[in-house]
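The block underneath contains the structure these notes are about, expressed in C-alpha cells.
The values are calculated or read from the model by the stated rules, or taken from the named source; none is laboratory data. It should be emphasised that the depicted structure is a prediction, and the values quoted were computed from it without experimental measurement. Virtual Cβ from ideal backbone geometry, glycine too; neighbours counted across all protein chains shown. We work out accessible area using only protein heavy atoms, side chains counted, and drop any ligands, DNA or RNA first. Shrake-Rupley method; radii C 1.70, N 1.55, O 1.52, S 1.80 Å.
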Amino acid sequence: MLFTDGYSNGGGPTVGNIDGSMGAPFNDSHEDTMADIVSQYYLNPLRTDSLMPRGQVPVPQACSAGGDPSLDCNKDLHINFYGITLGARGNLFNPNLTQNPYTTPAIYNNWPARANDDPSTVDDIWHAATNTRGEYINARTPADITAAMRRVLSSVTAGAAPSGSLALTGSRIGTGSLSITPTFEIAN
C-alpha cells in the first residue's frame, strides 16, 4: 500500500519492462515504471518453500470461466498493490469520471513512462494497481482516507487464509504447549 501526493521524487530500481509481455490491458512499452516494479512481485511467486508451495492461493470461482482481466486468478503467493493518492489527477486518470482501465483502450493503450514531478506519475500508480489487481484510490477528504483504509484491510481479510498460523508465527508445539494464533479485525 502506498500513500502519496501522486508525484515522484525520482529514481527507482532498474527492472526492465516486466509488464511488456502481460498483454492488454496490463502491458506497455516502457521500462522501470512503478507498474513494472510491482508486476515483478505479482508475476513471480514471493515464496516457493514448503510453507507456501506454488498454487496454494485461493482464487475466485469465476477465474475458471476466464475472460475478466480484473479478477486476481494468480494462485501463487504474490502482491496486490494499493495506491492511495490525496486528490491527485493524472493525464489519464480523472477523478471526476468513472473509468475502467481493464476495458478502455484509450487508457490501457496509453500507460505512461516513468516521469518525475508530472501528473503521469498518478497514471503509473493506477497502472501498478491494475497490473496487480489491487486498487487505485483517490482520496479527497479524511472520510475518503478512512473508507480507503477499510477497503484495503477488508480485501486483505477477504482471503480464505488466516493472517498468521502456527507455522508462520514461529511457535514450537509439544505436549503442554500453549499456541497463539494472531488475528485482526476491522473496527467500524
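Among the residues of segment 122-141, are any under 16 Å from Pro25 (Cβ atoms), in contact with a helix residue (DSSP H, G or I) (Cβ under 7 Å, 6 or more places away or on another chain), surrounded by 14 or more Cβ atoms within 10 Å (Cβ to Cβ) and charged (D, E, K, R)?
First, pick out the residues of segment 122-141 that are under 16 Å from Pro25 (Cβ atoms): 123-136.
Those still in the list that are in contact with a helix residue (DSSP H, G or I) (Cβ under 7 Å, 6 or more places away or on another chain) too: 124-125, 127-128, 131-132, 135-136.
From the residues that got through so far, the ones that are surrounded by 14 or more Cβ atoms within 10 Å (Cβ to Cβ) too are 124-125, 127-128, 131-132, 135-136.
Then keep just the ones that are charged (D, E, K, R); that gives 124, 135.
Yes, that holds for at least one residue.
Under 7 Å between Cβ atoms, at least 6 apart or on separate chains: pull out the pairs that start in segment 78-104 with a residue that is touching a residue at least 60 places away in the same chain (Cβ under 8 Å) and within 20 Å of Ser39 (Cα to Cα) and end on any residue that is β-branched (Val, Ile, Thr) and part of a loop (DSSP other than H, G, I, E, B).
Going by the 7 Å Cβ cut-off, the qualifying pairs are Asn80/Thr132; Phe81/Thr132.
Could you please let me know if Val156 is open to solvent by less than 50 Å² (accessible area, probe 1.4 Å), aliphatic (A, V, I, L, M) and on the phi < 0 side of the Ramachandran plot? Spell out how you get there, then give the answer.
On the way: open to solvent by less than 50 Å² (accessible area, probe 1.4 Å): no; aliphatic (A, V, I, L, M): yes; on the phi < 0 side of the Ramachandran plot: yes.
So Val156 fails the test.
Across segment 108-138, what is the total count of residues that are hydrophobic (A, V, I, L, M, F, W, C) and either over 18 Å from the mean Cα position of the chain (by Cα) or assigned to a loop (DSSP other than H, G, I, E, B) (or both)? If you could, list the steps in order and put the result at the bottom.
Here is the first cut: in segment 108-138, the residues hydrophobic (A, V, I, L, M, F, W, C) are 111, 113, 115, 122, 125-126, 128-129, 137.
Still in the running and either over 18 Å from the mean Cα position of the chain (by Cα) or assigned to a loop (DSSP other than H, G, I, E, B) (or both): 111, 113, 115.
Of the residues in that region, 3 qualify.
Hey, among Asn80, Asn100, which residue is within 26 Å of Arg150 (Cα to Cα), open to solvent by 60 Å² or more (accessible area, probe 1.4 Å) and touching a Ser or Thr at 6+ places or on another chain (Cβ under 9 Å)? Break it down into steps so the answer makes sense when it comes.
On the way: Asn80 fails: open to solvent by 60 Å² or more (accessible area, probe 1.4 Å).
Sole residue among the options that is within 26 Å of Arg150 (Cα to Cα), open to solvent by 60 Å² or more (accessible area, probe 1.4 Å) and touching a Ser or Thr at 6+ places or on another chain (Cβ under 9 Å): Asn100.
Which pairs turn up if I take residues in segment 58-71 that are at negative phi and look for partners that are assigned to a helix (DSSP H, G or I) with beta carbon separation below 9 Å, at least 6 apart in sequence or on another chain?
Filtered contacts from segment 58-71: Asp68/Ala62; Pro69/Thr130; Ser70/Thr130; Leu71/Ala62; Leu71/Cys63.
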